[in-house]
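Data block below; observations after.
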């Protein structure tokens, strides 16, 4: 355990954690919504600092990030717990579990950076579960890796307070933010959280000049209407940038949503077409077992820039971050 940041003492030895918008008020011995931040003897402790459950070297496209060092590998680290409670979570065995020492490994920040250097990967991802809840661990690792010219990525639900966001993301280079839907009712009922803080996170990350990509898991009957996805696209264009990549990915029955059918490929193809017609320049589809909608084309001349087949990536026509054919700058981070 390590004493956490981002909390204050209130009455009767209770603590308030202001890391995320739940603002948990914790009595002695009580865990937060996330399961892994706990009031122990009047101090907020992080139960998962240096105690990840999962550590792997992944393709960066698996995050998914398509405009951030494409074709490279990334060291991925995740713990237990989450500050949302998505009924359809595709990784619920990590996100919905309480910390158990027997499942974790001892891996301090220094060791993660050593591993990244050993495997010669250019970046580290804080991923699998929600990295906001192990912010101190991610921050310390990012601070060390930044000195080694190793980049850092948050794969996140975006549920963090603006009060702490700048500090948590100081040494982060990029984020893939999971925008789960574009209506408050979905967030309230299906995730036990709220939409607006996620939108605020996206806007602030853009202001901080962090590279961002957005992922929406398209769930039949819940967030797959053209009106909702269209409104989301229009918000991205007006409040962020039409060049922010959007990943529309297929849902598969899991956790408490085993009664919901998998997303049909045709749904994603139709929504992608609509998103592009509305003005988004880079829209991708994933998890459907087909390559359609996964390649990157120049937004100016339509030249094929990056060819993808699942996680096999071929960077073909990008040079110094520009299209080889028309020399237009392609949004993203393409060099270490």
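Read-outs throughout are calculated quantities, based only on the coordinates presented, and are distinct from any laboratory measurement. Here the structure is a predicted model, which is why all the values come from computation and not from measurement. Here Cβ is always computed from backbone atoms with ideal geometry, including for glycine, and neighbour counts include all displayed protein chains.
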Here, residue 309 and residue 5, labelled 7 Å along Cα→Cβ, have an inter-label distance in nm of 4.5 nm
Here the residues of the stretch 3-47 lying in the modelled label zone of residue 204, meaning backbone nitrogen under 20 Å from a point 7 Å along Cα-to-Cβ, are 4-9, 16-25, 33-34, 37
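Let me know the shape class of the stretch 34-117, please: from the alpha-carbon gyration tensor, a ≥ b ≥ c as square roots of the eigenvalues, rounded when a/c is under 1.5, otherwise prolate if a/b is greater than b/c, or oblate. Intermediate results must be reported in sequence, preceding the final value.
Numbers: a/c = 2.40, a/b = 1.44, b/c = 1.67.
Since a/c reaches 1.5 but b/c is at least a/b, the shape of the stretch 34-117 is classed as oblate.
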For the chain, longest principal axis from Cα atoms; helix 135-147 axis from its Cα atoms; angle between them, nearest 10 degrees, is 60 degrees
Using 7 Å Cα-to-Cβ label points, what is the residue 269/residue 192 separation (nm, one decimal)?
3.9 nm
How big, in percent, is the set of alpha carbon pairs in the chain lying more than 24 Å apart?
55 percent
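Hey, what did the stretch 1-149 get for relative contact order, percent, Cα under 8 Å, at least 6 apart? If you can, show how the numbers build up before the last one.
On the way: 282 pairs, mean separation 33.1, N = 149.
Taking the mean separation of contacting Cα pairs over the length of the stretch 1-149, I get 22 percent.
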Rounded, prolate or oblate: which fits the stretch 2-46 when a ≥ b ≥ c are the square roots of the eigenvalues of the alpha-carbon gyration tensor, with rounded for a/c under 1.5 and prolate only if a/b beats b/c?
rounded
Between residue 319 and residue 166, what is the FRET efficiency for a Förster distance of 30 Å, r being their Cβ-Cβ separation, to the nearest 0.05?
0.35
When the Cα centres of the stretch 168-229 and the stretch 233-267 are compared, how far apart do they sit, in Å?
10 Å
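Go ahead and estimate [θ] at 222 nm for the chain from helices alone: -39,500 (n - 2.57) per DSSP H run with n ≥ 4, summed, over the residue count, rounded to 500. Mind showing how you got there, number by number?
Numbers: 7 runs with 70 residues, N = 336.
Helices in the chain give a 222 nm mean residue ellipticity of -6000 deg cm²/dmol.
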Where is the GNM fluctuation largest for the chain (alpha-carbon springs, 10 angstrom cutoff): 15, 319, 69?
319
To the nearest 10 degrees, how steep is helix 109-118 against the longest Cα principal axis of the chain, on a 0 to 90 scale?
30 degrees
Please determine, in degrees from 0 to 90 and to the nearest 10, the orientation of helix 226-235 with respect to the longest principal axis defined by the Cα atoms of the chain, where the helix direction is its Cα long axis.
80 degrees
When a/c reaches 1.5 or more, the comparison of a/b and b/c decides; with that in mind, is the stretch 49-183 rounded, prolate or oblate per its Cα gyration tensor?
rounded
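Subtracting the Cα-Cα distance from 0.36 nm times the residue separation, let me have the gained length for residue 231 to residue 43 in nm, one decimal.
Values: separation 188, 0.36 × 188 = 67.68 nm, distance 4.30 nm.
So the chain would gain 63.4 nm between residue 231 and residue 43.
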